[in-house]
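A short worksheet on the structure shown next.
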Amino acid sequence: MSLINTRWAFNVSNWKPTEEQVLAISSFIQPEEKQRISRFVFQKDAKSSLIGRLLIRKYLGAVTDIPYQNIKVGRDKLGKPYLLGGGDLAVDFNVSHQADFVVLAGNTKQKIGIDVMKTEPLVGKDVVEFFRLMRRQFTDAEWLKIESYKTEAEKLASFYRTWCLKESYVKNRGIGVAAFPLDTLSFFICEELKQGEIITSTKLKEKNILKDYVFEETILDESYIVAVALENTNTYVREDAPFIFLTIDDLLNDAKSLSGPDPGFVRDFLGKKEKPY
Ligand SMILES: CC(C)(COP(=O)(O)OP(=O)(O)OC[C@H]1O[C@@H](n2cnc3c(N)ncnc32)[C@H](O)[C@@H]1OP(=O)(O)O)[C@@H](O)C(=O)NCCC(=O)NCCS
């Protein structure tokens, strides 16, 4: 496993949590994160958030000398998780979740942001109208690229790709999308995504100035793409490491208890509703 560039993915739809697993997990995560997870109405959202916590703890356990029980993850004022008490340790990580997937990107040299995006067809929505509503979030150059494709499916795929890139950048910077003028970012895509390959040729201009960033773009599976934004092209080490798909056992095997098991958390978690689709 490369620790300079860690890329992990977890498919939450494949995991049917057992009481025993959730009881164990209730002792592996920080109390404030349990409270946060308890606030989700649907189990799927709670599961994704929980897996995000376990991915972060596993990553920090692997990449630092801090014992698992002493790893403390804080959140900055806009919610971005970071390692508390890491001192001079140059370690950064970010998670993203959507629908079936939770992904983590970690790095020991550069600031990082990640976004996973489901590239689903627009059921019951008109693409033209959808693009009209989104018009202000993209630049003219980006729309030219999106509209250059022949079919609606290809246009939509290009739209999702550009959106995913924007989110990865905003998440790298740790700023919120709501307050950020996304049309000041213009992505220049010159290569198509290919299954099993990492594309790094996409460039970004912010307010017309070329940014010193690398964007790694990957097809995670047939319906999901991922973008990872890394600051500073000089320190970028390209390792061609694809995403590694982890199982629940991978996340639980090296976990250690921070506190006693919490049956109340388990009852609440397993009692959450299934998400209606
Ligand atoms: C960060 C943000 C862009 C992510 O949006 P998203 O695409 O819906 O969600 P993703 O699944 O990709 O990412 C969510 C994860 O990113 C991380 N995250 C949260 N805030 C983040 C931020 N500001 N920057 C980077 N990562 C962040 C978290 O790990 C979060 O998962 P978790 O809450 O389960 O731990 C969006 O939530 C946002 O704009 N947040 C800012 C909120 C804000 O402005 N608050 C102001 C009031 S204090």
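Every number here is computed from the coordinates shown, using simple stated rules; none is lab data. The structure displayed is predicted, hence computed values, not measured ones. Cβ atoms come from the backbone with ideal geometry, glycine included; neighbour counts cover every protein chain shown.
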**Request:** Could you tell me the distance between the Cα centroids of segment 23-88 and segment 189-216, to the nearest Å?
**Result:** 30
**Restricting segment 58-87 to trypsin sites (Lys or Arg not before Pro) in coil, as DSSP defines it, with at most 12 other Cβ within 10 Å** = Lys77
**Message:** Let me test this: with uniform point scatterers at the alpha carbons of segment 114-236, what is the Debye-based log₁₀ I(q)/I(0) at q = 0.09, 0.10 1/Å?
**Reply:** -0.23, -0.29
**Fill in**
If amide H atoms are modeled at 1.01 Å from N in the peptide plane, then the residues at a separation of 5 or more from Tyr224, or on another chain, having amide H under 5 Å from its own are Thr119
**Request:** Would you kindly work out the equivalent ellipsoid of segment 1-145 from its C-alpha gyration tensor and give its semi-axes, the square roots of five times the eigenvalues, largest first in whole Å?
**Result:** 31, 22, 14
**Estimated 222 nm signal from helices in the chain, with DSSP H stretches of n ≥ 4 weighted -39500 (n - 2.57), rounded to 500** = -10000 deg cm²/dmol
**Message:** Among 124-137, 204-217, how do they line up by average Cβ neighbours within 10 Å per residue, starting with the highest?
**Reply:** 204-217, 124-137
**Message:** Can you compute the radius of gyration and Dmax for the chain, using only the Cα atoms, both in Å?
**Reply:** 19.2, 58
**Message:** Pairs on different chains or at least eight residues apart, Cα atoms closer than 16 Å: how many lysine pairs in segment 10-133 fit?
**Reply:** 9
**Message:** Using only the alpha-carbon atoms, how far is helix 43-63 inclined from the longest principal axis of the chain? Give it as 0 to 90 degrees, nearest 10.
**Reply:** 80
